[in-house]
Amino acid sequence: MSPLARLRAWRQNPATDDPVLLTRQRIYLLPTGTGLFFALALVLMLLGAINYTLALGHALVFLLAGLAPVGMVHAYRNLVGIRVTPGRAEPVFAGETAHFRLHLGQKRQDDRYALEVQARGHPVVHCELPAGSHIG
């Protein structure tokens, strides 16, 4: 099936049971409020270290600034390769809360720690994905 035909079929029926594989094109690491506060704290610490000519202050600022991209690389590697598959929802009546299941799986032989799944406006669900496993 050509990509254009698949796009047309998806536009007619976008709800499929096809799994979504998290690849490089699907993962976006965006700054949060905590990350922006961390960057602001680093700038203030750098200004203080420059003002008082503190060599150890410079070392601390650049050490912490170097840890930020390392953490982003580790977060990216923790997410890439995870397969997300939609599960079946239990039938509910109008006005009741519907619960939608997501199944997470992977083929890599690395454990995935500290995964968090959250729908907009709902509580965070924490999980871990052992090597070569599937969680529903």
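The values are calculated or read from the model by the stated rules, or taken from the named source; none is laboratory data. All figures in this text were calculated on a predicted structure; none of them were measured in a lab. Note: ideal-geometry Cβ built from the backbone for every residue, glycine included; neighbour counts use all protein chains shown. Only protein heavy atoms, including side chains, enter the accessible area calculation; ligands, DNA and RNA are left aside. Shrake-Rupley method; radii C 1.70, N 1.55, O 1.52, S 1.80 Å.
Based on the mean of other beta carbon atoms within 10 Å per residue, what is the order of 92-100, 18-26, most packed first?
Result, highest mean first: 18-26, 92-100.
Mind listing which trypsin sites (Lys or Arg not before Pro) in the range 100-136 are in a DSSP loop and have 15 or fewer other Cβ atoms within 10 Å?
Passing both the DSSP loop test and the Cβ count: R101, K107, R108, R120.
To test your reading of the geometry: what angle, between 0 and 90 degrees and rounded to tens, separates the Cα axis of helix 33-51 from the longest principal axis of the chain?
10
Would you mind working out the accessible area per residue for the chain, using a 1.4 Å probe, and quoting it in Å²?
81
Counting only C-alpha contacts under 8 Å and six or more residues apart, can you give the relative contact order of the chain as a whole percent?
20
Distances longer than 19 Å among the Cα atoms of the range 17-136: what percent of all pairs is that?
Everything past 19 Å amounts to 62 percent.
State the percentage of accessible surface on the chain attributable to carbon and sulfur atoms; use a 1.4 Å probe and exclude ligands, DNA and RNA.
Accessible surface attributable to carbon and sulfur in the chain totals 64 percent.
What residue among L42, L56, L115 shows peak mean-square fluctuation when the chain is described by a Gaussian network model with Cα springs under 10 Å?
Top of the fluctuation ranking is L56.
In nm², what is the average projected area of the convex hull enclosing the Cα atoms of the range 74-136?
The number I arrive at for the range 74-136 is 4.9 nm².
Please state the Cα pair-distance histogram of the range 23-87 with 5 angstrom bins from zero: what percent is in each bin?
3, 15, 19, 17, 14, 11, 8, 6, 4, 2, 1, 0
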